[in-house]
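These notes are about the structure you will find just below.
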Amino acid sequence: MSVLVYTESEQGKFKKTALEVASYAKAVADQMGTTVTAITFNAGDTSVLGNHGVDKVLKVGNEQLESFNAKSYANVIAQAANNEASKVVIVSSSADSKYLAPLLAIDLNAGFASNVVEAPSSTSPFTVKRTAFTNKAFNLTTINTDVKLVAVSKNAFGVKESSASATAEDFSPSIPEIGVKVESVDKVSGKITIADAEIVVSGGRGLKGPENWGMIEELADVLGAATACSKPVSDLGWRPHSEHVGQTGKPVASNLYIAIGISGAIQHLAGINASKVKVVINTDPEAPFFKAADYGIVGDAFEVVPKLIEKLKAFKAQQ
Amino acid sequence: MKILVCISHVPDTTSKINFTEGDTKFDTNGVQFVINPNDEFGLTRAMWFKEKQGASVHVVNVGGPETEPTLRKALAIGADGAIRVNTAATDGFLVAKQLAKVVQDGGYDLVIAGRESIDYNGGMVPGMLAGLLNANFVNNCISLEVEGTNATASREIDGGKETVSTSLPLVIGGQKGLVEESDLRIPNMRGIMMARQKPLNVIEPVDANSETSSVKFEKPAPRGAVKLVDADNVDELVNLLHIEAKVI
Ligand SMILES: Cc1cc2nc3c(=O)[nH]c(=O)nc-3n(C[C@H](O)[C@H](O)[C@H](O)COP(=O)(O)OP(=O)(O)OC[C@H]3O[C@@H](n4cnc5c(N)ncnc54)[C@H](O)[C@@H]3O)c2cc1C
């Protein structure tokens, strides 16, 4: 009956989203009067999960599952859910979790709600709040099936502490045939990704050309942030597509989003709205971004950003 | 190769989002509907397969008669035929069930869907469809090549991309990258005229239940006004972010 949560790790270490979904699973389990079981793939030390509400960890260690595969991961999670007789299964909103979740829903005959931002308002009927219309609205949804699958939005519920200790045991599932084989992975190493970043520094067409991104990268460097851009910037080839954020690009749900030379078109805002604090730097006081931001500077990016870098360096030096 | 492109009929990205009937229904008043952007990238890639590899391309939507102009637009862009499954798209599972039947009956080799629709953002239909069909599945697909029954695709991952090899039958959840923005086609007069002659078959749904139901909608709370900081006083911004917002 325990709530099952898929806690993702990278190179054996848990991601922040893993601790967030564990915290969410704990909240659901408390509401239902049950415990939390986490499933991990090739993770190292799992004791940290206990600090976020996990009672038991099922450790899958298998060479065939070394690299992510949506179908086999979904199938293994389904086996664990069946073993635990779980009625609720929780995953994150990472690209990998979004990939496997619908397959898992079919494996488990589970109704599925994605982009969930709060603990259930009721567990019978099982009712959750999710974002819809790309963050322009929320939708209260009930899941009517016996087994329920919930994908939790990033940085919405938050990481919660709870002092328990998690027992760990090995779980040896059967591994299904896979039909999608990874040939190569092209990933910039050592760079913070937009998905994992606490802070995102984003540049728009107001920066005039790709040669001016030096200061954007430097600002991101000082803050330990990821870099992003508006859609025209990637369409023009100034920056790679992977940096395009917004309704048709990547979603951003960071703690801090700094928009520089971005007008704040509705499609841009929709994709970054889930960020907690938004800062805009723009020469035009009428730019729509000022209506969506928490803090703003009306000014020329080419003057403001170098000053901001300098001040932040001084601030960091004091810390 | 027989290709089926799933077309979601969604409000234009600039639409005002409002609700009616006690906040239980999306207010379509004055809203312009379009092909879901992720699906449009997929449709355009399908046209490439048609023109370069002789594939046939059908488009499908699960929805009421109001979605037909969107299907006609897909026909005007170049699809050979359209199918509408005549039922309200009440949840992702129900839609996937209907699509699975269409795929099985039509013997499609490749199904191109969008990674998510921009209205409900469920991101579940393509994966559920692949699960129901036991077909291969690539999500967040940003490139796709097919040779015979073998396919090579890449998908966007957090922080980069991954290239995979797979085979038909295949379902993809597509997005920008499958083709570039500049490759998208605006239907011309000839396309629009031809679309009128092309078949748009309306079929009745198979028995299936929704697994989830929408209770109601809410709009985000109105936000406070922006705090402006003088361009000559950047220190102030650093302070606010540290002390007030606590994000640095
Ligand atoms: C279907 C659809 C989907 C879309 N999806 C997305 C999406 O996902 N993401 C996205 O970003 N856009 C998207 N768009 C595009 C969107 O409508 C806007 O065109 C785009 O966001 C504008 O980008 P921008 O703000 O960089 O450029 P602009 O609108 O050109 O704004 C540039 C800004 O820079 C300011 N500026 C100029 N010089 C300076 C300076 N020296 N210092 C500081 N500021 C300066 C200007 O005042 C202006 O506000 C979409 C559009 C459509 C139709």
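Keeping to pairs on different chains or 8 or more places apart, tell me how many lysine pairs in region A:152-218 have Cα atoms under 28 Å apart. Walk me through the intermediate numbers first.
Numbers: A:154/A:181; A:154/A:187; A:154/A:191; A:160/A:191; A:181/A:191; A:187/A:208; A:191/A:208.
The number of close lysine pairs in region A:152-218 is 7.
For chain A, with every protein chain kept in place, what is the accessible area per residue (1.4 Å probe, Å²)?
On the way: 12170 Å² over 319 residues.
Computed with neighbouring chains in place, this is 38 Å² per residue.
Any idea what the dipole of region A:3-170 comes to, in debye rounded to 20, about its Cα centre with Lys/Arg Cβ at +1 and Asp/Glu Cβ at -1?
For region A:3-170, the charge dipole is close to 640 debye.
Please find, in a Gaussian network model of chain B (springs between Cα atoms separated by less than 10 Å), the residue of B:237, B:71, B:94 whose mean-square fluctuation is greatest.
Maximum fluctuation in the GNM of chain B, among the listed residues, is at B:237.
In Å², and per residue, what accessible area does chain B have when probed at 1.4 Å with the other protein chains present? Don't jump to the answer; show the numbers that get you there.
Values: 10750 Å² over 248 residues.
Per-residue value: 43 Å².
So how far apart, in nm, are the two label points at residue A:170 and residue A:185 if each is 7 Å from Cα heading toward Cβ?
Between residue A:170 and residue A:185, the label points sit 2.4 nm apart.
Go ahead and set up a Gaussian network model of chain A, Cα springs under 10 Å, then flag whichever of A:247, A:64, A:79 fluctuates most.
Top of the fluctuation ranking is A:64.
For region B:176-218, what value does the Rg/Rh ratio take when both radii are computed over Cα atoms and Rh is the Kirkwood radius, given to two decimals? Intermediate results must be reported in sequence, preceding the final value.
Numbers: Rg = 18.7 Å, Rh = 15.6 Å.
In region B:176-218, Rg relative to Rh is 1.20.
Taking θ as phi - 60°, what are the ³J(HN,Hα) couplings along region A:16-28 by the Karplus curve (6.51, -1.76, 1.60), each to the nearest whole Hz, with x for Gly and Pro?
Karplus-based 3J(HN,Hα) across region A:16-28 equals 4, 4, 5, 5, 5, 5, 5, 4, 5, 4, 5, 4, 5 Hz.
Work out the FRET efficiency for residue B:66 and residue B:145 from their Cβ-Cβ distance, taking R0 = 25 Å, and round it to the nearest 0.05.
Working: r = 36 Å, r/R0 = 1.44.
Efficiency, rounded to the nearest 0.05: 0.10.
Suppose we compare each residue of region A:184-216 in its chain alone and in the full protein complex with a 1.4 Å probe; which ones drop by at least 10 Å² of accessible area?
A:184, A:185, A:186, A:187, A:188, A:193, A:195, A:199
Kindly state, to the nearest 0.05, the FRET efficiency for residue B:232 paired with residue A:144, given R0 = 45 Å and r defined as their beta-carbon distance.
Values: r = 58 Å, r/R0 = 1.30.
With R0 = 45 Å, the Cβ-Cβ based efficiency is 0.15.
Could you look at chain A and say what percent of its accessible area is carbon and sulfur, using a 1.4 Å probe and all protein chains? Walk me through the numbers on the way to the answer.
Working: 5880 of 12170 Å².
Exposed carbon and sulfur together represent 48 percent of the surface.
Quick check: the angle from helix A:301-318's long axis to the longest principal axis of chain A, C-alpha only, nearest 10 degrees?
60
Helix B:68-77 versus the longest principal axis of chain B: what is the Cα-based angle in degrees, 0 to 90, to the nearest 10?
Helix B:68-77 sits at roughly 70 degrees to that axis.
Dividing the alpha-carbon Rg of region A:199-317 by 2.2 N^0.38 Å yields what?
Working: Rg = 12.8 Å, N = 119, 2.2 N^0.38 = 13.5 Å.
Here the Cα radius of gyration is 0.95 times the empirical estimate.
Leaving out ligands, DNA and RNA, what percent of the accessible area of chain B is carbon and sulfur, probe 1.4 Å? Each step should come with its number before you reach the end.
On the way: 5290 of 10750 Å².
Solvent-exposed carbon and sulfur of chain B make up 49 percent of the total.
Based on DSSP, what percent of beta bridges with both residues in region A:37-170 are antiparallel, to the nearest 5?
Numbers: 10 of 28 bridges.
Percent antiparallel among DSSP bridges in region A:37-170 is about 35.
Please sort by residue number the GluC sites (Glu not before Pro) in region A:152-209 whose DSSP state is loop and whose Cβ has at most 12 other Cβ atoms within 10 Å. List each step's numbers first, then the result.
Details: sites: A:161, A:169, A:177, A:183, A:198; in loops: A:161, A:177, A:198.
Counting only loop positions with at most 12 other Cβ atoms within 10 Å, the GluC sites (Glu not before Pro) in region A:152-209 are A:161, A:177.
Output the 0 to 90 degree angle, nearest 10, between the alpha-carbon long axis of helix A:95-108 and the longest principal axis computed from the alpha carbons of chain A.
Rounded to the nearest ten degrees, it is 30.
Using bins 5 angstrom wide from zero, how does P(r) for region B:2-215 break down, in % of all Cα pairs?
1, 7, 15, 21, 21, 16, 11, 5, 2, 0, 0
Which far-off residues, 5 or more places away or on another chain, put their amide H under 5 Å from the one on residue A:88, with H placed in the peptide plane?
Residues meeting the amide H criterion: A:4, A:148.
Work out which residues of region A:77-111 lose at minimum 40 square angstrom of accessible surface when the other protein chains are put back, relative to the chain isolated, with a 1.4 angstrom probe, and list them by number.
A:95, A:99, A:102, A:103, A:106
Give me the percent of DSSP beta bridges within chain B that run antiparallel, rounded to the nearest 5. Please list the in-between numbers first.
Numbers: 19 of 45 bridges.
Taking every DSSP beta bridge within chain B, about 40 percent pair in antiparallel fashion.
Roughly how large is the B-A contact in terms of buried accessible area, totalled over both chains, probe 1.4 Å, nearest 100 Å²? Let's see the in-between values first.
On the way: alone 14160 and 15520 Å², together 22910 Å².
Protein heavy atoms only, the B-A interface buries about 6800 Å².
Taking every alpha carbon pair in region A:3-170, what does the distance histogram look like in 10 angstrom bins from 0, in percent?
11, 45, 36, 8, 0
Spin-label point model (7 Å from Cα, Cβ direction): what's the residue B:196 to residue A:82 distance in nm?
Using points 7 Å along Cα→Cβ, the separation is 5.6 nm.
Got a number for the accessible area of residue A:254? Probe 1.4 Å, square angstrom, nearest 10.
0
Remind me, relative contact order of chain A in percent, using alpha carbon pairs under 8 angstrom and six or more residues apart?
Details: 691 pairs, mean separation 45.2, N = 319.
Relative contact order here is 14 percent.
Two decimals is fine: what is log10 I(q)/I(0) at q = 0.16 Å⁻¹ for chain A, from a Debye sum with one equal scatterer on every Cα and no solvent?
-1.26
Could you work out the Kirkwood radius for the protein assembly as shown, taking every pair of different alpha carbons, averaging 1/r and inverting it, reported in Å?
On the way: mean 1/r = 0.0410 Å⁻¹.
The Cα-based Kirkwood calculation yields 24.4 Å.
Can you say what percent of the DSSP beta bridges in the protein assembly as shown, counting only those with both residues inside, are antiparallel? Round to 5.
Working: 43 of 115 bridges.
Taking every DSSP beta bridge within the protein assembly as shown, about 35 percent pair in antiparallel fashion.
Give me the residues in region A:237-276 whose solvent-accessible area, probe 1.4 Å, is reduced by at least 50 Å² once all protein chains are included instead of the chain isolated.
The answer is A:241, A:247, A:248, A:250.
Taking each residue in A:308-316, count the Cβ atoms of any other chain within 10 Å of its Cβ, then average. What number comes out? Each step should come with its number before you reach the end.
Numbers: counts 4, 1, 2, 7, 6, 0, 2, 6, 2.
Mean shielding by partner chains, rounded to a whole number: 3.
The values are calculated or read from the model by the stated rules, or taken from the named source; none is laboratory data. All figures in this text were calculated on a predicted structure; none of them were measured in a lab. Every residue, glycine as well, gets a Cβ built from its backbone with ideal geometry; the counts of neighbours run over all protein chains shown. For accessibility, only protein heavy atoms count, side chains too; no ligands or nucleic acids. Shrake-Rupley method; radii C 1.70, N 1.55, O 1.52, S 1.80 Å.
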